[in-house]
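First up is the structure itself, then whatever we jot down about it.
The values are calculated or read from the model by the stated rules, or taken from the named source; none is laboratory data. Owing to the predicted nature of the structure, the values given are computational and were not obtained by experimental measurement. Here the Cβ positions follow ideal geometry from the backbone for every residue, glycine too, while neighbour counts run over all protein chains shown.
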Amino acid sequence: MIEDELRAAFARHEALTPPTGPVRAAIDRAVAHRRRRRRRVRLAGTALAVAAVALVGFTVVTPRPPQSTRPAAPPSPAPTAALNVLLLGLDEADASRRADSILLVHVPADRSRLYLVSIPRDLLVPMPDGGTDKLSATFTQGAGSGDLAAGYRATRQAVTRLTGVPVDAGVVLTYRDARTLTDAVGGVPVCLPAAVRSVHTGRRFPVGCQRLDGAQAVDLLRQRYGLRDAVLDRERNALRYAAGLLHQVREQGITTDPVRLGRLIGQLGPALTTDTGDLSLPALLSLAGRASTTDPVALGLPVRYQEWTARGFAPDPTLVDGFRDALRGDRLAGWAAAHPAQVTSLR
């Protein structure tokens, strides 16, 4: 009896049941949209890594949590203010994972050119525990047992405190990725003012301009012993490599050629991630392309050696305040012209 009554009830309400076809189609559309969105996020992260490497050449970036619960936002307009991108070159030779190269790329509001600012890894900075240590230690302490995103965030905070400007986006690249990228673009031209001999391989880099393959580039970037200004000369060579990589990518038109960009992304692999901050990827790529049409200006943060401390550097009190004011006020062109000794020759 009960079974018959249930069947009759279902029969009476069957006409009220909505058709399943539209519901199934809506579910399929939602699944397809989510898959496309995930693919776009992965490709966007790698593409920005390529663009950022083209700006200064090194690997990892801090990924921001995806806002998957929110509807897709419309494309953000291109920013008009100056921007600062932090690039970290990561040495994974041992478990410490030091940030061996720390470069701040300043994109002025007029997009006239890029300014590559090298910050010595041995610069002494305040640490969260109240002590003082080298800037590279911020990444090591932040990363802990291997959280590279946390290491990046710790170094980003230290650089912001040091310079007084916010970091709008960032990338971290390992030397392994730098080797792959260098070979992928057909080598990178680098002009050296003095000969360099590798203490690791015995390789010799002569005075003048030369094209380096991936292994040679990484070898050069690791050298500091035997150089006149030791770690500071290593920082300058990193700037020369960054400028050469930017030149090579620009000459080949990689960032404006979807086919070549896709091929390069495939060679780098899907593991690279980036933090674009509050900016959209198209806006960042557009800004990088506009500002990179002119050769960059390579600068070093004004520092002086503190022999009596933990054998590191401190900001030069006679120059650093003026540099910070110029960076915050987007006046690096005038400051560089007034302080040519702080400009690294790229040719």
Original post:
What strands (runs of 3 or more DSSP E) lie completely within the stretch 296-347 and have 2 or more residues being surrounded by 18 or more Cβ atoms within 10 Å (Cβ to Cβ)?
Top reply: 297-300, 312-315
Original post:
Of all residues in the stretch 211-232, which are at pLDDT 95 or above and either of a type in the set (Lys, Arg) or in contact with a Cys (Cβ under 8 Å, 6 or more places away or on another chain) (or both)?
Top reply: Arg211
**OP:** Check whether at least one residue in the stretch 190-200 is touching a helix residue (DSSP H, G or I) at 6+ places or on another chain (Cβ under 6 Å) and either within 22 Å of Gln342 (Cα to Cα) or assigned to a strand (DSSP E or B) (or both), and report yes or no.
**Re:** yes
Original post:
Considering the stretch 194-242 alone, what residues qualify as being within 21 Å of Asp295 (Cα to Cα) and of a type in the set (Phe, Trp, Tyr)?
Top reply: Tyr241
Original post:
Looking at the stretch 92-150, what strands (runs of 3 or more DSSP E) fall wholly within it and have at least 1 residues that are within 21 Å of Asp295 (Cα to Cα)?
Top reply: 98-107, 115-118
Original post:
Considering Leu245, Leu192, Leu162, Leu221, which residue is in contact with a strand residue (DSSP E or B) (Cβ under 8 Å, 6 or more places away or on another chain), in contact (Cβ under 8 Å) with a residue 24 or more places away in the chain and more than 29 Å from Gly146 (Cβ to Cβ)?
Top reply: Leu192
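If we keep just the residues of the stretch 204-232 that are among the small types (Gly, Ala, Ser) and in contact with a Ser or Thr (Cβ under 8 Å, 6 or more places away or on another chain), which is nearest to Gly186 (Cα to Cα)?
Gly214
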Original post:
Which one of Gly214, Gly151, Gly142, Gly170 is touching a helix residue (DSSP H, G or I) at 6+ places or on another chain (Cβ under 7 Å), crowded, with 21+ Cβ neighbours inside 10 Å and free of Cβ contacts under 8 Å to residues at least 40 places away in the same chain?
Top reply: Gly142
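Can you report the number of residues in the stretch 158-174 which are of a type in the set (Ser, Thr, Tyr) and over 17 Å from Leu245 (Cβ atoms)?
2
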**OP:** Would you check which residues across the stretch 109-164 are among the aliphatic types (A, V, I, L, M) and either modelled with pLDDT under 85 or farther than 19 Å from Ala298 by Cα (or both) and list them?
**Re:** Leu124, Val125, Met127, Leu135, Ala137, Ala143, Leu148, Ala149, Ala150, Ala154, Ala158
**OP:** Count, please, the residues in the stretch 96-112 that happen to be over 16 Å from Gly329 (Cα atoms) and of a type outside the set (Gly, Ala, Ser).
**Re:** 5
